[in-house]
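*Asks:* Below is one structure. I have some questions about it.
The values are calculated or read from the model by the stated rules, or taken from the named source; none is laboratory data. What you see is a predicted model; the values in this text were computed from it and never measured. Don't worry about glycine lacking a Cβ; one is built from the backbone with ideal geometry, like all the others, and counts go over all protein chains shown. Ligands, DNA and RNA are excluded from the accessible area calculation, which covers all protein heavy atoms including side chains. Shrake-Rupley method; radii C 1.70, N 1.55, O 1.52, S 1.80 Å.
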Amino acid sequence: MSRLPFRLRPVIETVVRPCGPYMLALSARTMGDPTRRLRDGVLVATLEVDGRLEHAQAWQARDGRLVLRTESEEGLELLRFVLATDDDHSDFLIRFRDDPLLGPTLRVVRGLRPMRLPTVAHALLRALCEQLIETKRARAIERRIVRAAMQGLDGFHASPSGDSLARFSTAELRALGLHARRAATLIRLCRSVDLERLRELPTETVARRLEQERGLGPWSAGVVCLEGLGRYERGLVGDLGLIKLLSAMRGRWVEGWETAELLEPYGEWQGLASVYLMAGYSRGLVPLRAAA
C-alpha cells in the first residue's frame with residue numbers, strides 16, 4: 001500500500017458554471033467507487049495531488065453552477081477534469097437531436113456527462129476488472145485492489161497510479177479476485193508504460209497501443225479513452241449494454257463486434273454516443289421498432 005502524507009491546507013472553494021448542459025446528480029449517479037461517492041447531492045472524493053492526499057467536494061446549486069471545494073489549486077484542476085466541467089457537448093446534442101436512435105434520449109437526458117477517473121492507471125484497472133463479468137462483481141474486485149494499493153483518507157482512497165499497481169505480483173492480484181491473465185496484463189503495462197503520459201498522445205495512437213496488448217480489445221481501449229483520457233472519440237464496442245440494445249433491435253443475440261456498426265454513424269462522438277444510447281435504452285427511450 002502506498003503511504004502518502006495528508007495535506008493540512010485551508011479549503012479552497014470555487015464556483016464555476018459548466019460549459020454546456022450539465023447535471024451533476026445525473027452524471028455522478030453511478031460513479032461510486034473507493035475514491036468517491038455521491039450522497040445527498042454532494043460528491044465527496046479523495047485525490048492524490050503532488051504525492052499528497054486531499055479532500056474534494058462538489059455540489060450543484062439551483063442555478064446550475066457547481067461549487068467545488070479542494071485543498072489546492074492543483075486539486076481544483078484535477079477535480080474539474082474528473083467532473084468534465086469544461087468539456088461542452090452541445091455540438092453532440094445539436095448534431096444528433098433528430099437521430100432516430102438518440103434523438104428521444106437527447107431531449108430528456110441532456111446534462112449527462114461521463115465522469116472521469118483521476119488516473120489512467122485506474123481506468124485501465126477498471127477496464128480489466130469489468131471484462132466479461134457483471135458490474136457489481138467487477139466493482140468489488142476493483143475496490144479491493146484500490147484499497148490494497150492506496151492509503152485511505154476518511155474512508156476514501158486516491159486513484160492508484162501505475163507505480164502503485166506495478167508493485168503487485170500476479171499472485172497478489174489473483175488473491176484479490178482479478179483473473180491471472182488480466183493481472184499479468186495490468187502489471188506488464190504498469191511496469192513498461194508511463195500510463196499518465198498517454199494523455200499527451202492522440203486518441204487513436206493510444207487505442208492502437210492498448211489493443212496490441214494481450215487481453216485488451218476495443219472495449220477496454222474505449223473505457224481507458226473515455227474514463228482515463230476524457231476523450232469521446234472511441235466507442236465502447238462490445239459493451240454488454242450495447243449488445244443488449246442491438247440484440248433487441250435485430251431480434252437475435254448479436255456478437256460484441258457488431259456493436260461497432262451501431263456506433264459508426266456517430267463519428268468522433270462514438271464514446272459519448274455509447275453512454276447516451278445505454279442511458280436511453282435503460283429508460284425505454286430508444287425507439288427499437290423505428291430503428292429496426
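*Asks:* So the check is Cβ under 7 Å with 6+ separation or different chains; which pairs have a first residue in region 99-121 that's within 23 Å of PRO18 (Cβ to Cβ) and a second one that's open to solvent by 20 Å² or more (accessible area, probe 1.4 Å) and polar (S, T, N, Q)?
*Replies:* So the pair list comes out as THR119/SER161.
*Asks:* Could you list all residues from region 190-206 that are touching a helix residue (DSSP H, G or I) at 6+ places or on another chain (Cβ under 9 Å), free of Cβ contacts under 8 Å to residues at least 60 places away in the same chain and either surrounded by 22 or more Cβ atoms within 10 Å (Cβ to Cβ) or not in a helix (DSSP H, G or I) (or both)?
*Replies:* Across region 190-206, the qualifying residues are VAL193, ASP194, LEU201, VAL206.
*Asks:* Looking at (1) touching a residue at least 40 places away in the same chain (Cβ under 8 Å); (2) open to solvent by 40 Å² or more (accessible area, probe 1.4 Å); (3) not basic (Lys, Arg), which is the one condition that is false for GLY64?
*Replies:* That leaves (2) as the condition not met.
*Asks:* Would you mind finding the one in ARG116, ARG97 that is outside any helix (DSSP H, G or I), open to solvent by less than 20 Å² (accessible area, probe 1.4 Å) and among the charged types (D, E, K, R)?
*Replies:* On the way: ARG97 fails: open to solvent by less than 20 Å² (accessible area, probe 1.4 Å).
So the residue among ARG116, ARG97 that is outside any helix (DSSP H, G or I), open to solvent by less than 20 Å² (accessible area, probe 1.4 Å) and among the charged types (D, E, K, R) is ARG116.
*Asks:* Then there's this: Out of all the residues in region 235-263, which are in a helix (DSSP H, G or I) and open to solvent by less than 30 Å² (accessible area, probe 1.4 Å)? Working first, answer last.
*Replies:* Kept after step one, since they are in a helix (DSSP H, G or I), are these residues of region 235-263: 240-250, 256-263.
Matches in region 235-263: GLY241, LEU242, ILE243, LEU245, LEU246, SER247, GLY256, GLU258, THR259, LEU262, LEU263.
*Asks:* Cβ-Cβ under 7 Å, sequence separation 6+ or interchain: first residue in region 225-253 and free of Cβ contacts under 8 Å to residues at least 12 places away in the same chain, partner in a helix (DSSP H, G or I). Which pairs?
*Replies:* Pairs found: TRP253/SER247.
*Asks:* Looking at the structure I just gave you, is LEU53 open to solvent by less than 70 Å² (accessible area, probe 1.4 Å) and over 13 Å from LEU153 (Cβ atoms)? Walk me through how you get there before you give the answer.
*Replies:* On the way: open to solvent by less than 70 Å² (accessible area, probe 1.4 Å): yes; over 13 Å from LEU153 (Cβ atoms): no.
Judged against the criteria, LEU53 is not a match.
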